[in-house]
């Protein structure tokens, strides 16, 4: 049986692309050197897949920053403010992704949002009224030819027109209908170019089809593809979906002359039901997403082969199945090869991107064998041994504590309005209090010191004294800037999730299992192996030490249970609800210990609250919010009324879940808002948002420094929609990845802006 990969990680096995890109940003290497690095990585990616025997290998899945941004650039969707910089094509691209501040001008980056229900972020294309949709397929064609030169035939991949149109932001008067014909014409031209270049397969990614679709959405899809497929020629069009099922449009899809359709059998709860009920055309290939592209656990061959057999039986075996990943492998680490500190007893349960290629290949061979022969195959035998082993991952005390949670444990008293009045009196904060989200720049020196400690090159005492010195300097720095609520800087933390995972029982950790979050930003999610609980305090000593250095309020900084789970690789043997509640109890213990130690402001970050929100609105509450929101309340419901609870949320689409966010019952919440032009403010007002709020006044994912006037203007806009007694002033996220110089300048401008507004 043939095999297919939707997309492959592009950062390199040891993050080579990240480091090369950052060198380019710093002016340490030329654009040609960056391009050469990229070319070498692509060669490795294609060759690796070919050597594993993958039949449908993707190209054009490589990107310097984001593939949706690549698609927008290929369609000519470049806002005029970036064109006016008169930079090179590559630098214009990076200006859209990162912002630009230099000799050619000063522009903010395009908005950034979560890619469906993942921790990957995409750059939101911006369409202006005078945007001319004009195809430039050089990247797609060149990478196809590049692979061809290596003796590898690929299927070029590009975001499909429906998804691009639905994810674009139309910034002026025109909308989708005004650009539809031009979009169709551009994709027709692309298909024609594929035919001219003898490209046999073109993959059009349409993940937006897994959302709830209206009649208008269906009409839009049909309008687009009825036109496109008229002139497909000899090029086979693969419609690729992922992250869910296409229940609202399945019949339309299978009745169109696609050569192949990719369906997600992993997250698509109704995918098999759809195939069983409506069948599948014998004249096209079904690319069955059965190898999980989002989690790192080994594939159970028995279950997968049984599923493939069921798919074929549902169609009376009159169906051609291609075994595929459920989505791009972008969302899992590159390889297990570098994990030499992780015991084999653990590693045998895991499968990263390279290992998933092996799974695909083995499943492809096994699926072609008769059932009575499969069980004697070594690949099958070895696979099943893994699933027959006892993992020893349960803890009776944790189970008992979960069972004893009462409804009142989810409720904090008194009401928030009463608490907020008391907190203002106790904390003595000025109008429009200033603060940061938590982390301060982690320099190469700090990272080197942490590395030395991990390698036992310095003692724990030496490391502790070093971190204390960083904290003391950070507190002094914040006092000089004149911030109102301070933080300790989080210098002891490698990551906002990994740090807590290392302090909790039930977690495993990798060395090199990096996953791209956005651009050059990579994260290393820990693995939840067993039941999670806290053995001892995790942050108290650092927060108490920092508070001892200042009379200003010091925030205790924690990561919330939903984010810890969502930014970990979760277990598959228990429910998401049970995992979240286990972590919530551990964080609750930490919150109460911080309060007992005299910390009166405690921030419990839920940056990833929306990440696992089901893509279909009908599933939002019963499958997620009904237990995720109470889990957050469980973490802080036990504190005193004068203890102020903060939370923070990062780049995502928040406007449609504002009531649920307010129901978290935090006292203060900070949002990402700077890249989205403060669009969230209207939703806050419409929903009578009760929580005090700090919409980010500047973008920390860009190196540019905002001016005082820029921040004053942002605050004035905020005050038209947020009551003055509820508005906080802060950056939109943590400062860990920023440089010291730009951070200092940005924060000083922010504080000055707040002082100007106070005098209004």
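The values are calculated or read from the model by the stated rules, or taken from the named source; none is laboratory data. Just so you know, these numbers come straight off a predicted model, no measurement behind them. Glycine also receives a Cβ, built like all others from the backbone with ideal geometry; neighbour counts cover every protein chain displayed.
For the reader, a short list of remarks on this structure follows.
- Subset of the range 477-486 [over 17 Å from residue 439 (Cβ atoms) and in a helix (DSSP H, G or I)]: 479, 480
Every residue, every condition in (1) within 25 Å of residue 331 (Cβ to Cβ); (2) surrounded by fewer than 21 Cβ atoms within 10 Å (Cβ to Cβ), yes or no:
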| site | (1), (2) |
| --- | --- |
| 195 | no, yes |
| 200 | no, yes |
| 206 | yes, no |
| 211 | yes, yes |
| 219 | no, yes |
| 222 | no, yes |
| 243 | yes, no |
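- Test result for residue 584, over 19 Å from residue 427 (Cα atoms) and either outside any helix (DSSP H, G or I) or at pLDDT below 95 (or both): no
- Which numbered condition residue 329 fails, given (1) loosely packed, with under 14 Cβ neighbours inside 10 Å; (2) under 22 Å from residue 568 (Cβ atoms): (1)
- Every condition in (1) part of a loop (DSSP other than H, G, I, E, B); (2) over 30 Å from residue 576 (Cα atoms); (3) in contact (Cβ under 8 Å) with a residue 24 or more places away in the chain holds for residue 496 except the one numbered (2).
- Filter result (over 27 Å from residue 569 (Cα atoms) and touching a strand residue (DSSP E or B) at 6+ places or on another chain (Cβ under 9 Å)) within the range 112-130: 125, 126, 127, 128, 129
- Some residue of the range 186-204 being touching a helix residue (DSSP H, G or I) at 6+ places or on another chain (Cβ under 9 Å) and more than 29 Å from residue 143 (Cβ to Cβ): no
- Of the residues 138, 177, the single one that is assigned by TED's automatic domain parsing to the domain that holds residue 248 and more than 24 Å from residue 91 (Cα to Cα) is 177.
- All conditions but one from (1) in contact with a helix residue (DSSP H, G or I) (Cβ under 7 Å, 6 or more places away or on another chain); (2) over 20 Å from residue 350 (Cβ atoms); (3) surrounded by 23 or more Cβ atoms within 10 Å (Cβ to Cβ); (4) in contact (Cβ under 8 Å) with a residue 60 or more places away in the chain apply to residue 287; the one that does not is (1).
- The residues in the range 290-324 that are part of a strand (DSSP E or B) and free of Cβ contacts under 8 Å to residues at least 60 places away in the same chain can be counted, and the count is 1.
- Tally, over the range 144-162, of residues that are touching a helix residue (DSSP H, G or I) at 6+ places or on another chain (Cβ under 8 Å), surrounded by fewer than 21 Cβ atoms within 10 Å (Cβ to Cβ) and assigned to a helix (DSSP H, G or I): 1
- Within the range 520-557, the set of residues being assigned to a strand (DSSP E or B) and free of Cβ contacts under 8 Å to residues at least 60 places away in the same chain comprises 528, 534, 556.
- Taking the range 325-396 as the region of interest, the helices (runs of 4 or more DSSP H) fully inside it that hold 1 or more residues being in contact with a strand residue (DSSP E or B) (Cβ under 8 Å, 6 or more places away or on another chain) and within 28 Å of residue 57 (Cα to Cα) are 353-367.
- Search result, residues across the range 593-631 that are surrounded by fewer than 18 Cβ atoms within 10 Å (Cβ to Cβ), modelled with pLDDT of 95 or more and in a helix (DSSP H, G or I): 596, 626
- Residues in the range 16-68 that are free of Cβ contacts under 8 Å to residues at least 40 places away in the same chain and assigned to a loop (DSSP other than H, G, I, E, B): 26, 27, 28, 29, 30.
- The single residue among 572, 492, 578, 502 that is over 30 Å from residue 38 (Cβ atoms) and over 23 Å from the mean Cα position of the chain (by Cα) turns out to be 492.
- Within the range 649-760, helices (runs of 4 or more DSSP H) holding 3 or more residues that are out of contact with any helix residue (DSSP H, G or I) (no Cβ under 6 Å at 6 or more places or on another chain) and surrounded by fewer than 21 Cβ atoms within 10 Å (Cβ to Cβ): 680-686, 708-719, 740-758
- Residue match in the range 84-92 (condition: surrounded by fewer than 22 Cβ atoms within 10 Å (Cβ to Cβ), assigned to a strand (DSSP E or B), in contact with a strand residue (DSSP E or B) (Cβ under 6 Å, 6 or more places away or on another chain) and assigned by TED's automatic domain parsing to the domain that holds residue 49): no
- Check on residue 625, in the same structural domain as residue 655 (by TED's automatic domain parsing), without any contact (Cβ under 8 Å) to a residue 60 or more places away in the chain and under 21 Å from the mean Cα position of the chain (by Cα): yes
- Residue 8 crowded, with 20+ Cβ neighbours inside 10 Å, assigned by TED's automatic domain parsing to the domain that holds residue 138, touching a helix residue (DSSP H, G or I) at 6+ places or on another chain (Cβ under 7 Å) and within 30 Å of residue 103 (Cβ to Cβ): no
- Filter result (in contact with a strand residue (DSSP E or B) (Cβ under 8 Å, 6 or more places away or on another chain) and free of Cβ contacts under 8 Å to residues at least 60 places away in the same chain) within the range 715-743: 718, 719, 722, 726
- Of all residues in the range 632-648, those being assigned to a helix (DSSP H, G or I) and either within 20 Å of the chain's Cα centre (by Cα) or within 30 Å of residue 169 (Cβ to Cβ) (or both) number 1.
- Residue, farthest from residue 319 (Cα to Cα), within the range 230-271, restricted to residues that are in contact with a helix residue (DSSP H, G or I) (Cβ under 7 Å, 6 or more places away or on another chain) and in a helix (DSSP H, G or I): 231
- Some residue of the range 80-89 being modelled with pLDDT of 95 or more and farther than 30 Å from residue 714 by Cβ: yes
- Condition check for residue 331: closer than 21 Å to residue 44 by Cα and modelled with pLDDT of 95 or more: yes
- Residue list for the range 99-118, restricted to those being outside any loop (DSSP other than H, G, I, E, B) and either more than 18 Å from the chain's Cα centre (by Cα) or at pLDDT 95 or above (or both): 100, 101, 102, 105, 106, 107
- Among the residues of the range 423-462, those identified as part of a helix (DSSP H, G or I) and under 32 Å from the mean Cα position of the chain (by Cα) are 444, 445, 446, 447, 448, 449, 450, 451, 452, 453, 454.
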